[in-house]
Amino acid sequence: MLQFLASGIAIGCVYGMIGMALAITFYVTRIINFAQGQLMMVTVMVTAELVGQGYSPWVGVAAGLAASAVVGVLSYLIAVRPILAFNRFGFGWLVSTLGFAAIVENAAAYFWGPTSIPFPTILNSTSVHFGDAAVLTGQQILAIVVALLAGVAFELVRRHTLFGKIGMATAADPEMASAFGINTKTVAMVAFAASALLAGLAGVMIGPSTFANPYLGDTFGTYGFIAMMIGGGTERPITALYGGILLGISAEGANAFVNSRASDWFPFLVLALILVVSPRGLFSSTGPLARLRPVRAGR
Amino acid sequence: MSTTVPHALDISGLSAGYGRFDVIRDIALKVGTGEAVGLLGPNGAGKTTVLRSIMGLIRQRRGSIQVAGTDVVAMPPFRIARGLAALAPEGRRLFVDQTVEDNLILGGLHLRHDTARHEALLASVYELFPVLKGYRKRLSSYLSGGEQQMVAIGRMLMSDPEIMLLDEPSVALSPVAVDIVVKALIELRRRGASLLLVEQRIDVAIRVCDRLYVMTHGEIVDEMTPEAARGAGMSLIDKYLG
């Protein structure tokens, strides 16, 4: 019983980080970057490649994260900015970000081949026992700690730094933000870079379990999207993390109590049910768990 | 040899609009340094479009817009906002999930490294609107309409601009709040600020402004003194403002 809860929280934190990454770009630009999963994959592939060439895992991780950030900014400049400049209220970005995802994925498959390559184990070879009830690998515990730190750091930056307030102003009214001296293009590029870093971190957390594969982004991008939607990340990015944890627990629960492949379809059922009950997400301002959201500043 | 002091705002031959249509055509308008100028007209005359063009919020614009001698017609809004022009928009458009003081700080972003000037500007806003000092930490969405208008004007002041643009600051306010806003604008004039005030209420424009332009159908059709406007009274309303 406790095992599926613990495992669910750990994998849910990974989904939640990708969901938060999606939500951060949505928060600032009001678009969903469907290449988010592929940004995670870039970190995983670059890290695996460099470690395979003999560099230390930390050098590989740093280079992988930097590569994701660069590709994240490129996704904005190539697939988002021109579309929004043409029509800020249109939905052309749906196609352009999906197209960008396909290009990145196929470029990776061309370069590295379609099969998986080893990813450094980092903390996957250690494990922690919680009595007889559950056991988590060091990597799973690291995923939980990193996700929580990322969530707290994001909220601290958003609420207590000038850059966070600039981001909030850009999110609330980009036209007025630019009319008060904010370069909204720069803010958007920073948001895309930060979200790519967060997705890349999620990749580093899950890489030892999945290995490095060019098609990794499809699955995790989809689960990240579900995490954002059930949490209410379109309103507050941090709630995507909560959504991810719920998603992880339900998926692991399905594996434990239905059958070992149930996590392939069960999350979609959970998403559908939750969106029927609360279309904007469980932790949205109108959701049933709204009271569990962080308190707004200044009340 | 005499040196010419540039106008705070000097617009000539300005046409601007959306898509294939020009909403305003061949606008010529000047605001002297330390002068308050009103722009009157009925709904749909193009008054707001003039202000949005000055701020760079309408990309499709032609002609010349000089702010304190700097041509801004090709500048992006965020550059214009850095000390050249500032806008208190219609409907206030505050950053409602941020506090009063955060709204004010965001108004003066380009001065944030000049701490002394930034602090002095903040103090001058609280001096102009003392009530805001008590609400510094309150979310701006929790303020009344009049208080929100004070924040909008204060946010504009924080960028210490060459020209202040106000879009119908009296709209949807109680008579008491209108009076507070009008007195604040008169005080800004006394401090030497240059104002371009868009209004539908002639009485407000007459109290604040040195000169008035009248716009209809996207063009400036008349220019007059406040005294002439006061003398014209209802006939001005019938003729232009309907």
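The values are calculated or read from the model by the stated rules, or taken from the named source; none is laboratory data. Source: prediction; values computed, not measured. When we count neighbours, we look across all protein chains shown, and the Cβ atoms used for this are built from the backbone with ideal geometry, even at glycine. What goes into the accessible areas is simple: the full protein's heavy atoms, side chains included, and nothing from ligands, DNA or RNA. Shrake-Rupley method; radii C 1.70, N 1.55, O 1.52, S 1.80 Å.
Hey, any hits in segment B:89-97 for a residue that's at the interface with chain A (Cβ under 8 Å from one of its Cβ atoms) and within 16 Å of the chain's Cα centre (by Cα)?
Yes: one or more hits.
Do any helices (runs of 4 or more DSSP H) lying entirely in segment A:1-113 carry at least 3 residues that are open to solvent by less than 10 Å² (accessible area, probe 1.4 Å) and in contact (Cβ under 8 Å) with a residue 12 or more places away in the chain, and which ones are they?
A:2-29, A:36-52, A:57-75, A:92-112
Considering only residues that are out of contact with any Ser or Thr (no Cβ under 9 Å at 6 or more places or on another chain), buried (at least 23 other Cβ atoms within 10 Å of the Cβ) and more than 16 Å from residue A:165 (Cβ to Cβ), which ones fall in segment B:81-106?
B:87, B:88
Anything in segment A:176-203 that is open to solvent by 40 Å² or more (accessible area, probe 1.4 Å), farther than 13 Å from residue A:23 by Cβ and either assigned to a helix (DSSP H, G or I) or more than 10 Å from every other protein chain (Cβ to nearest Cβ) (or both)? List them, or say none.
Passing the criteria: A:185, A:186, A:189, A:190, A:197, A:201.
Taking the criterion of being under 25 Å from residue A:89 (Cβ atoms) and part of a helix (DSSP H, G or I), would at least one residue in segment A:255-275 satisfy it?
Yes; the residues of segment A:255-275 include at least one that is under 25 Å from residue A:89 (Cβ atoms) and part of a helix (DSSP H, G or I).
Please enumerate the residues belonging to segment A:114-160 that are in contact with a Cys (Cβ under 8 Å, 6 or more places away or on another chain) and either part of a loop (DSSP other than H, G, I, E, B) or buried (at least 16 other Cβ atoms within 10 Å of the Cβ) (or both).
Within segment A:114-160, A:143, A:144, A:146, A:147 meet the criteria.
Within segment B:48-61, track down each residue that is open to solvent by less than 10 Å² (accessible area, probe 1.4 Å) and either under 27 Å from residue B:5 (Cβ atoms) or touching a His at 6+ places or on another chain (Cβ under 9 Å) (or both).
Across segment B:48-61, the qualifying residues are B:50, B:51, B:53, B:54, B:55, B:56.
Tell me whether segment B:225-238 contains one or more residues that are modelled with pLDDT of 95 or more and over 16 Å from residue B:128 (Cα atoms).
For segment B:225-238, residues modelled with pLDDT of 95 or more and over 16 Å from residue B:128 (Cα atoms): absent.
From (1) more than 8 Å from chain A (Cβ to nearest Cβ); (2) in contact with a Pro (Cβ under 6 Å, 6 or more places away or on another chain), pick out the condition that doesn't hold for residue B:86.
Every condition holds for residue B:86 apart from (1).
Scan the helices (runs of 4 or more DSSP H) fully inside segment B:140-242 and keep the ones with 2 or more residues being within 24 Å of residue B:83 (Cα to Cα) and open to solvent by 10 Å² or more (accessible area, probe 1.4 Å).
B:145-157, B:175-190
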